[in-house]
Amino acid sequence: MDTAVEQATRPFIEVTEIWRPEGDTLVQAGGNYGGLDAFEAISGHTSFKKGEGLPGKAWAEGRPVVLKAFDGSYFKRTEAAKEAGLTAAVAIPVFAGEELKAVLVVLCSDDDIRTGAIELWSEKDGYLMLDDGYYGAAKHFEWVSQHTHFPKGQGLPGGVWASQTPILMRDLGSGYRFIRSESAGKAGLTTGLGLPIARPDGENSVLTLLSARGTPIAHRFEIWDARAAKVGSANSAVMIDGICDREGPLWSEDNPRRISAWQGPIGQVLGSGLPVAQKSAPGLPAGYSDVVGLPIYRGSAIAHIVAWYS
Amino acid sequence: MQKLVVIGAGMASGRMLEHMFEADPQAYEVTLFNAEPRGNYNRIMLSPVLSGEKSYEEIVTHDDAWYADNAVTCRFGERITGIDRDRKVVISEKGETPYDKLVIGTGSAPFIIPCPGHDLPGVVAFRDLEDVDAMKTAAGSDGRAVVIGGGLLGLEAAAALRLQGMEVTVLHLMGHLMERQLDEAAGYLLKKDLEGRGITVLTGASTKAIMGEGRVEKVVLEDGTVIPADIVVMAVGIRPSVALGQAAGLEMGRAIKVDAQMVTSDPDVLAVGECVEFDGNLFGLVAPLYDQARVAAKTLLGEDDVFRMRELSTKLKVTGCDLFSAGDFADGEGREDIVFRDPGRGIYKRLVIEDDVVLGAVFYGDTADSNWYFGLIKDKTDISEMRDTLIFGPAYQGGAQVDPMAAVAALPPDAEICGCNGVCKSTITEAIGAGATDLGSLRATTKASASCGTCTGLVEQLLAVTLGEDFRSKEAGICGCTDLTHEEVRRLIKARELKSQTAVWQELGWKTVDGCHVCRPAINFYLLADWPLEYQDDLQSRFINERKHANIQKDGTFSVMPRMWGGITNPAELRAIADAADKYNVPTVKVTGGQRIDLLGVKSEDLPHIWADLNAAGMVSGHAYSKGLRTVKTCVGTDHCRFGTQDSTGLGIKLEKALWGSWTPHKVKLAVSGCPRNCAEATCKDVGVICVDSGYQIGVAGAAGMDVKETERLADVPTEQEAIDLTIAFVQLYRENAKYLDRPYKWVAKVGLDWVKERVVHDLDNRAALIERFAISQSVYQKDPWAEHAATKTDAYTPLSDFRLEAAE
């Protein structure tokens, strides 16, 4: 698996930012703006009340929100985003029980090349149905997703829902019969990361990030298990799955990687309970400069951490 | 350089080569044959490849570069057809290859049940990449899969196929899943987990045939069930692949015999992996295979090492499914269990201990400390010092004893106490401060412990912490196995649809593995009363009288009492009884207070025969031993008595014919008197009917035993049918609500007669529903146990030991 890492012209996700509640307001608490300095500067001076703007809406609704066009919407930084070439965004609120810990916002830029998918699936009548999604150039795949539903246990969303565990599926489109594999294959989508979303209303939602080979969401994905039922009372986590374009498989059945709280970016997520999005972060695996780490809560405790690197 | 030939590029031989190259890369010139057209890959990771959670490339252990770097001549896809030990050559399709040392690592082959249709296209095993590809192709069509075998491999295949989008049914012959690795409680949780993924699991399912025109279409079970299938995965076990070794004349057992250096009966031939037998043992898990590989490498290099059997542990590779089992957890004399359950989080932990040593461990839902426990098992550590906190894991060892009260007091205000209703500590303490000073009022105001009830203990501790001495604990639990009362358990069995004993033990947090002699009969009754169609009556949970269908006497003999409907008999029945008494030397024949004839002093081994004789004369069991309907005593009524107002005998017979065979919380005795003179003594029965000119007076809740109590009037009704309906509805209400071993008079005293009247007399829809549910129950349980036992269970009555030593219960 020591293959050369393909360099995309521009990444599928251009900006990742973190908003933290301070009293009744969300304030910017770091992020990776990918060199879009003007947008970063404006964001640093912006804040959101509950229900206000995209992060505030995700807070108020208690679930991820997909916004595919900024013009005429509740998005507050439309002009700055336009200038930066950003056209769509997804806000993922991180709840510990009923307490909002942070909102992770990813912003993307539409063109005819960049393919990927960020989808929100929510339970309705015993099935997961597509709530909303952003697909970039994968228009046909978007149509298929809108007309698909997943029973418990089936496909990436159904599997995440049934197991309440993040799942990283390989090669969605090349022979593993992912339930929408034919369409996924056409769209060039190869890897799928599914995340259970902790919602304060107790409803079930699953977020999927589907990554294409040409314009990958990331070159390295990791899933860490931090449940006391798995790692005991020690504040630590073990890697249960991971794949890297450089290192190949990262998982090990016999000797899984283990980290403690505050050890590296994953340890920071574990110790602080907050997501991280860092650019040019020190201590990353060789060849990587950017990392996003997202805690997945079950009740008031972190159950898993997912991370992607580029 | 010496020539080493290895047959089979599996995990054991691959690890052996690694060790050997590491120690001495120049020792041998290696030629590696493999029937599969590829090299060594991590076979135990095939299930995540099947599910799509791993790619094949990720599980390749040795790629082409590795073989090239180590100068291994790879002959993949080339099958060995023979071994000539005299000439020291192996024979393959392409000729002969000489060896100085030979290692056989041919592994195993899946066992295919030889049922009709097992060779149809679409029947696959789960052993190699070809099988995975075949399954993936089938999954691509969104089809239906049947997996035969609920062991490790079968369940991994089932979960993977489900993730791939198939409708999956697992058929398992035994009573619970993975019975070799898990006990019933863990098997229950695993089944529940898999069902939560949309997989259908059928236990006790025996495959009769696989059918289809040209390819698989359906699987037929022995009980006639038909399951449609596009693919059938056989995962019932493996058998060592030993044909080559056998043909070569090596010493064989169930597989190729090796010594502790992995050498076969030929000193130049070694064997490793699933094809070997060592000291009578076969191998299927990877850990001992790696040990064998290490030893074989040393042997090849002329170094000393010894293969030893060791304890094994099991995990299941299904995402989100945490289970662990190790050691021996079978029941046994002198063995004790430590059990921890957390129903809210689906956790079950059990340790089996003997002589202060942990023999086995089964964990479901929490495997955090499994390695520590596995160490205790392997090292046979003396755990006497940490026994009380052992189940909580290593973090609790060495410190002071944990005081549960202090722990509750120390909980932060926002700590969740009741997971079901999301009630935190501060909500409860505020409610206590506002005047809710007992469990009932706390439940009413906060809903804490009002759903599953498993936090009742915590809530009570909070009451005790907050109120101090003012708080008095509620009624004690059923027994030491649970803090829940009978009434709570009954409510929860209904509310949470618990339909098996295992479900009760787990979901209600039983502190023991499977109950005790106190709770088991009660739970067995509650389950069969609430779920007559779904629940399977468990004879082992019954008192000896109900197991034997006869009353054990103080000398160890039994009594036999045929049913006489309404106390009416005839000369033929009397002759049959007399003949039976003669034939089986019955020492005592007694007319009972309930108007029956009792044969006392029958030996256990004679029971099935005397029952058969009485059956032949048209009589059935009188259930004189049961917690169920006993007798309906009658007077002669209008047929003969000049005071009689109604056909009391006829009504008595009808009632007995309607109610016999039903199990109840305690025994139920009825009587019907034809007039208020009450010759049948109906006013001290559980249900007593007094016939009057205007109809029938139904009395309930009388007693004439340790307590004496007159019946209370349930209702007066004009017609016989209404009298029957009310009686049946009352008995069913009693069956559904009373505490086990409460006679109706005790139960009515608790719930109040008005509560009963509301449901049985005034609410006609409810009365009809009670009668309907009773009829459903009777469709299962109204059967003569004598006939069944005389026909099929005669052996069970032949004494293994002297019953006189067994205390009467």
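Values in this text are rule-based calculations from the coordinates and carry no lab data. Only a predicted model underlies this, so the values are computations on that prediction, with no experimental measurement involved. Here Cβ is always computed from backbone atoms with ideal geometry, including for glycine, and neighbour counts include all displayed protein chains.
Structure above, values below:
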quantity: Simple label model, 7 Å out from Cα along Cβ direction - B:D765 to B:M174, nm; calculated: 4.8
quantity: For chain B: relative contact order, % (alpha-carbon pairs under 8 angstrom, 6 or more apart); calculated: 7
quantity: Intensity falloff of the stretch B:322-396 expressed as log10 I(q)/I(0), Debye formula with alpha-carbon point scatterers, at q = 0.14, 0.22, 0.24, 0.27 Å⁻¹; calculated: -0.38, -0.97, -1.15, -1.43
quantity: Per-residue average of Cβ from other chains inside 10 Å of A:244-257; calculated: 2
quantity: For the stretch B:629-781, convex hull volume per residue from C-alpha positions, Å³; calculated: 93
quantity: Euclidean distance of C-alpha centroids, the stretch B:566-604 and the stretch B:40-76, integer Å; calculated: 77
quantity: Where only C-alpha atoms are counted, convex hull volume of the stretch A:1-110 per residue in Å³; calculated: 123
quantity: Rounded to 10°, Cα long-axis angle of helix B:720-737 versus longest principal axis of chain B; calculated: 40
quantity: Nearest 10 degrees, 0 to 90: helix B:152-163 Cα axis against chain B principal axis; calculated: 90
quantity: Theoretical ellipticity at 222 nm over chain B - DSSP helices of four or more residues, -39500 (n - 2.57) apiece, nearest 500; calculated: -9000 deg cm²/dmol
quantity: Reach of B:K757 by Cα under 26 Å, taken over lysines that are not fewer than 8 positions away in the same chain; calculated: B:K494, B:K627, B:K633, B:K654, B:K657, B:K667, B:K669, B:K685, B:K709, B:K739, B:K746
quantity: For the protein assembly as shown, size of Cβ-based charge dipole, Lys and Arg +1, Asp and Glu -1, in debye; calculated: 2140
quantity: Net dipole in debye of the stretch B:4-98 [+1 Lys, Arg Cβ; -1 Asp, Glu Cβ; about Cα centre; nearest 20]; calculated: 380
quantity: Contact order relative to length of the stretch B:75-116, as percent, for alpha carbon pairs under 8 angstrom and 6 or more apart; calculated: 23
quantity: Kirkwood Rh and Cα Rg combined as Rg/Rh, the stretch B:673-720; calculated: 0.99
quantity: Folded to 0 to 90 degrees: helix B:129-139 orientation relative to chain B principal axis, Cα; calculated: 50
quantity: For a label point 7 Å along the Cα-to-beta-carbon line of A:E22, residues of the stretch A:96-132 with backbone N under 20 Å; calculated: A:100-105
quantity: For chain B, the fraction of alpha-carbon pairs in successive 20 Å shells from zero, as %; calculated: 13, 34, 32, 17, 5, 0
quantity: Residue mean of other protein chain beta carbons inside 10 Å, B:43-51; calculated: 2
quantity: In range of the label at A:E253: residues from the stretch B:294-318 whose backbone nitrogen is under 15 Å from the point 7 Å along Cα→Cβ; calculated: B:313-318
quantity: For A:149-158, mean number of other protein chain Cβ atoms within 10 Å; calculated: 5
quantity: Gained length - B:S694 relative to B:R491, 0.36 nm times residue gap less alpha-carbon distance; calculated: 69.1 nm
quantity: Shape call, the stretch A:218-310: gyration tensor on alpha carbons, a/c limit 1.5; calculated: oblate
quantity: Nitroxide proxy distance, nm - points 7 Å out along Cα→Cβ at B:T225 and B:D537; calculated: 2.3
quantity: Spatial separation of Cα centroids for the stretch B:279-308 and the stretch B:362-394, in angstrom; calculated: 28
quantity: Spin-label pair B:E336/B:A243, simplified geometry with 7 Å Cα→Cβ offset, distance in nm; calculated: 5.4
quantity: Likely footprinting exposure, A:S280, A:S47, fewest C-beta neighbours within 10 Å first; calculated: A:S280, A:S47
quantity: Gained length - B:D304 relative to B:E354, 0.36 nm times residue gap less alpha-carbon distance; calculated: 14.5 nm
quantity: For the stretch A:111-217, projected area of the alpha-carbon convex hull averaged over all directions, nm²; calculated: 6.1
quantity: Over 21 Å between alpha carbons, listed pairs B:K425/B:K511; B:K192/B:K499; A:K152/B:K317; B:K101/B:K298; B:K554/B:K603; B:K3/B:K298; calculated: B:K425/B:K511
quantity: Chain A - Rg over Rh from alpha carbon coordinates, Kirkwood radius; calculated: 0.93
quantity: Chain A, relative contact order [Cα under 8 Å, separation at least 6], %; calculated: 17
quantity: Gain upon complete extension [B:C479, B:S384; 0.36 nm per residue less C-alpha separation]; calculated: 31.6 nm
quantity: Overall dimensions of the stretch B:112-236 by Cα: Rg and Dmax, Å; calculated: 13.3, 41
quantity: Ranking of A:W143, B:W663, A:W224, B:W510 by count of other Cβ atoms within 10 Å, fewest first; calculated: A:W143, B:W663, B:W510, A:W224
quantity: Along principal axes, Cα extents of the protein assembly as shown, largest first, whole Å; calculated: 109, 87, 65
quantity: Size of electric dipole in chain B: Cβ of Lys, Arg +1 and of Asp, Glu -1, about Cα centre, debye, nearest 20; calculated: 2400
